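Novice: Input: one structure, supplied below.
The values are calculated or read from the model by the stated rules, or taken from the named source; none is laboratory data. Nothing here was measured: the structure is a model prediction, and the numbers come from that model. Reconstructed Cβ throughout: ideal geometry from the backbone, glycine too, with neighbour counts over all protein chains shown. With ligands, DNA and RNA removed, areas are computed over all heavy atoms of the protein, side chains included. Shrake-Rupley method; radii C 1.70, N 1.55, O 1.52, S 1.80 Å.
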Amino acid sequence: LLIQSSDVGYWRAHLAVAEAYEHGIDTQRNCTAAVVALKKLVETFGGVADELRTGIQLYQEGKYLEARQLFCELAEQGVEVAQSNCAWLTLRGKGVQSQPVNLTLR
């Protein structure tokens with residue numbers, strides 16, 4: 001089912017197929033097949049990868065507001081690494097107008 005889903009263009013299915021091959025989940029472990037699946041993912045859905053790279057570049061240039069906005073937009077679309085980056089920037093107060101969030105448990 002994952003392979004069929006990836007064949008019709010679901011990017012998450014491409015990633016799941018690659019992870020299944022990489023870790024041997026419900027299939028024999030096959031690093032070559034994992035790399036092929038990841039390559040297909042990047043080539044087919046390179047926009048996500050390009051946007052993530054843009055976010056990283058913005059952060060490295062000190063453009064925290066723009067980087068955070070980009071990561072948070074991608075996060076809303078379900079891009080997991082962008083969810084992490086958006087949360088990290090928000091918690092540290094980078095790219096936000098107010099003070100950093102204090103999540104100390106008491």
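Novice: Taking only DSSP H segments of four or more residues, each worth -39500 (n - 2.57), what value at 222 nm results for the chain once the sum is divided by all its residues, to the nearest 500 deg cm²/dmol?
Specialist: Value at 222 nm, helices only: -21500 deg cm²/dmol.
Novice: Roughly how many Å² is the accessible area per residue of the chain, as a whole number, for a 1.4 Å probe?
Specialist: Per residue, the chain has 71 Å² of solvent-accessible surface.
Novice: Of A87, L15, L38, which is farthest along the charge dipole of the chain in the positive direction, counting Lys and Arg as +1 and Asp and Glu as -1 at C-beta?
Specialist: Of the listed residues, the answer is A87.
Novice: Could you work out how far helix 11-23 tilts from the main Cα principal axis of the chain, as a 0 to 90 degree angle to the nearest 10?
Specialist: Between the helix axis and the principal axis of the chain, the angle is about 70 degrees.
Novice: Which of [x] 1.01; [y] 1.10; [z] 0.97 is the computed Rg/Rh (Cα atoms, Kirkwood Rh) for the structure on display?
Specialist: [y]
Novice: Could you tell me how many degrees, from 0 to 90 and to the nearest 10, lie between the Cα long axis of helix 64-76 and the main elongation axis, the longest principal axis, of the Cα atoms of the chain?
Specialist: 40
Novice: Counting only protein heavy atoms and using a 1.4 Å probe, what share of the accessible area of the chain belongs to carbon plus sulfur, as a whole percent?
Specialist: Details: 4000 of 7510 Å².
C and S fraction of accessible area: 53 percent.
Novice: Compute, for R12, the solvent-accessible surface of its heavy atoms (probe 1.4 Å) with the complete set of protein chains present, and express it in square angstrom to the nearest 10.
Specialist: The value for R12 is about 130 Å².
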